[in-house]
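First up is the structure itself, then whatever we jot down about it.
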2 protein chains.
Amino acid sequence: MAKAKKKDEPVILVTNDDGVTAPGIRNLVEAVKDLGKIVVVAPDKPQSGMGHAITIGQPLRLTPVQYFEGIEAYQCTGTPVDCVKLAVDKVLHRKPDLCISGINHGANHSINVIYSGTMSAAVEAAIESIPSIGFSLLDHSIEANFDAARKYARIIVEQMLKRKADKHTVLNVNFPAVEEKLIKGIRICRQAYAKYEEDFLERKDPNGRKYYWLTGEFVNFDKGKDTDVWALENNYVSVVPVQFDLTNYVLKDKLQKMWKF
Amino acid sequence: MAKAKKKDEPVILVTNDDGVTAPGIRNLVEAVKDLGKIVVVAPDKPQSGMGHAITIGQPLRLTPVQYFEGIEAYQCTGTPVDCVKLAVDKVLHRKPDLCISGINHGANHSINVIYSGTMSAAVEAAIESIPSIGFSLLDHSIEANFDAARKYARIIVEQMLKRKADKHTVLNVNFPAVEEKLIKGIRICRQAYAKYEEDFLERKDPNGRKYYWLTGEFVNFDKGKDTDVWALENNYVSVVPVQFDLTNYVLKDKLQKMWKF
């Protein structure tokens, strides 16, 4: 039976992209469950790399699940962004006070913010005027140790709730995959300029037809010490504030002067 | 038979999110086909609303198609972003001089840039150091009239090729759905702050189980006259330079001062 909301208790929406049964989201719920009224709406299957995809060609299903003791929870057939939209419109019937997404199994620092379903869910919340945080641990393993991540996730959620963040705030938080005692603290960073050097693995099926698996090696071109990649390599928790106004203002001014038609 | 590349001729990669058979991409190819060596790699089915999704859970197929007279073209089973990655790694074996995406059937102004497969393909190209442009027409119809869009798309592509754009340049270009004689010109703009007020249509299947269709009404909160939405409402072609560094630098500085752990 889900807990009733206490007066003045914040409503916290929890989602992710690894699916509702992933250990990461269970750890996130455990980390914050006494900080407000928690409602989980998460994908019913892994949705990693879905970016900001929404489902427009087919309908969505939403089903109550009982994975989290005493917590109202649903699984959704759509993408992480769909989960946020459906949660607000059909589950909560209001905007939650905070949306948290994760804890992702794997890094979402640097350019990963763009491919990540975890971060896109958080960005969607902020577009809808809900302050939000995406959390990721630099360990893909299903057996990853979330102890330190859980502790720091709670600290950051408490900070957000206490400070009454602007409604369009989005934070991209990544945890180094090290023991808690090795973590040096929390750093507010910028997104590193890094990307994947693409390489597709080419194979042939039993009929001799080619197919391709996306692989690719992560390359960091950014030597700055104020980036998320630097912070994580030096055992800090990285926090990058994210925006959804994608206008390149510097280039806008330049083109306004340069381009003649 | 595809045309051989002439010396010094730029290589232009063309993609979209409506699929390789959409009228929009045919019009884009027609608009620019004499400006360089054109290669098309586009999805084999509609991929609208796929945002920056990539395919990591299953392999991709790439098949040559002969939809465009004298133009090398392929359809891909993946997302628009997958198309760009595969094109560079497995078709061109080099970075093209320019990537163009579209012409999308429907608007990609304001917040749509985040959901759009058309624009995500262009952003992916820029991440990979390929200047790029996404084109969209404010008309969803399969029978939309692309005459004016074709003319202006060509003007903008010529400008980009002539000026040797920075390798990370991405432009989000939208065309108003009006006759050519009504178009007042081209405006360099910022992304309007607008979004969808979500509403899901709730239905019941023959077994009495609920399902939801994403709908939602577009609402523009931005009264600025320097936005893409304003330009389009006033019959200008809008051009928004886009960036993929999502760091919110203003908030970063603020949090560095405010947050104490």
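The values are calculated or read from the model by the stated rules, or taken from the named source; none is laboratory data. Just so it is clear, the structure is predicted and the values come from calculations on it, not from any experiment. Note: ideal-geometry Cβ built from the backbone for every residue, glycine included; neighbour counts use all protein chains shown.
General remarks:
- Among the residues of this structure, A:THR227 does not count as one that is surrounded by fewer than 14 Cβ atoms within 10 Å (Cβ to Cβ) and among the polar types (S, T, N, Q).
- Screening B:VAL242, B:VAL219 for residues that are over 27 Å from A:THR63 (Cβ atoms), crowded, with 20+ Cβ neighbours inside 10 Å and of a type outside the set (Gly, Ala, Ser) leaves exactly one candidate, B:VAL242.
- Among the residues of the range B:176-197, those that are among the aliphatic types (A, V, I, L, M), within 20 Å of the chain's Cα centre (by Cα) and within 12 Å of chain A (Cβ to nearest Cβ) comprise B:ILE186, B:ILE188, B:ALA192, B:ALA194.
- Verdict on A:SER101 being small (Gly, Ala, Ser), assigned to a strand (DSSP E or B) and either at pLDDT 95 or above or surrounded by fewer than 21 Cβ atoms within 10 Å (Cβ to Cβ) (or both): yes
- Residue count for the range A:15-52 under the criterion of being within 14 Å of A:LEU86 (Cβ to Cβ) and either among the hydrophobic types (A, V, I, L, M, F, W, C) or out of contact with any Asp or Glu (no Cβ under 7 Å at 6 or more places or on another chain) (or both): the result is 7.
- Taking the numbered list (1) crowded, with 21+ Cβ neighbours inside 10 Å; (2) more than 14 Å from chain A (Cβ to nearest Cβ); (3) farther than 24 Å from B:ASP245 by Cα; (4) not charged (D, E, K, R) in turn, B:LEU138 passes all entries but (1).
- Within this structure, B:TYR152 fails the test of being more than 16 Å from the chain's Cα centre (by Cα) and of a type in the set (Phe, Trp, Tyr).
- Set side by side, the residues B:ALA87, B:ALA53, B:ALA22 differ, and just one is within 11 Å of another protein chain (Cβ to nearest Cβ), in contact (Cβ under 8 Å) with a residue 40 or more places away in the chain, out of contact with any helix residue (DSSP H, G or I) (no Cβ under 8 Å at 6 or more places or on another chain) and hydrophobic (A, V, I, L, M, F, W, C), which is B:ALA87.
- Checking every residue in the range B:198-217 against the condition of being in contact (Cβ under 8 Å) with a residue 24 or more places away in the chain, more than 8 Å from chain A (Cβ to nearest Cβ) and either touching a helix residue (DSSP H, G or I) at 6+ places or on another chain (Cβ under 9 Å) or not in a helix (DSSP H, G or I) (or both) gives zero matches.
- Candidates A:ILE114, A:ILE130, filtered to the one that is within 18 Å of the chain's Cα centre (by Cα) and either farther than 26 Å from A:GLU9 by Cα or part of a helix (DSSP H, G or I) (or both): A:ILE114
- For the range B:104-124, taking the residues that are buried (at least 23 other Cβ atoms within 10 Å of the Cβ) and away from chain A (no Cβ under 12 Å), the one that is nearest to B:TYR74 (Cα to Cα) is identified as B:THR118.
- Which numbered condition A:GLU143 misses (of (1) assigned to a loop (DSSP other than H, G, I, E, B); (2) over 12 Å from the mean Cα position of the chain (by Cα); (3) at pLDDT 95 or above): (3)
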